[in-house]
Amino acid sequence: MAVFGEEQAPRALDLLELLEYAWHDCYREVTPSEAIVDDILLLSEGRIDRLIEMARLAVTDWRDVRLAAEYRRNRT
């Protein structure tokens, strides 16, 4: 969780744990794929507020996160 720094890393990990619970409730899968988690982290830009937004969006419709991450990767 280096992207969030030492101070914010525990909060980011807590949020990712909540994401797993929500993911299971919505999709009946134990956890989101590694690719989805990577997309969420990329789009968070190292900010907790963005991590919250992207985690919520992923649970609501993970395809939006995939498309946004693909766009971001192709832009650079």
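Rule-based calculations on the coordinates, nothing more; no lab input. Not measured: the values here are computed from a predicted model. Reconstructed Cβ throughout: ideal geometry from the backbone, glycine too, with neighbour counts over all protein chains shown.
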Problem - Net charge of Cβ neighbours under 13 Å - reference residue 32; Lys, Arg +1; Asp, Glu -1 - result: -4
Practice task
Pick out which of 34, 45, 53 has the largest mean-square fluctuation in a Gaussian network model of the chain, springs linking Cα atoms closer than 10 Å.
Solution key: 34
Handout entry: Surrounding net charge for residue 70, when Lys and Arg each add one and Asp and Glu each subtract one, Cβ distance under 14 Å
Key = +2
Completion exercise
Comparing 43, 16, 57 in a Gaussian network model of the chain (Cα, 10 Å), the one with the largest mean-square fluctuation is 57
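What does the charge count near residue 11 come to, summing +1 for each Lys or Arg and -1 for each Asp or Glu among other residues with Cβ under 14 Å from its Cβ? All intermediate terms of the calculation are to be shown ahead of the outcome.
Details: positive: 47, 50; negative: 6, 7, 14, 17, 49.
That sum, taken over residues with Cβ under 14 Å, equals -3.
Please tell me the relative contact order of the chain in percent, rounded to the nearest whole number, where contacts are Cα pairs under 8 Å and at least six residues apart.
Dividing the mean separation by the residue count of the chain yields 27 percent.
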Completion exercise
Only helices counted: for the chain, with every DSSP H run of 4 or more residues adding -39500 (n - 2.57) and the sum spread over all residues, [θ] at 222 nm is -28000 deg cm²/dmol
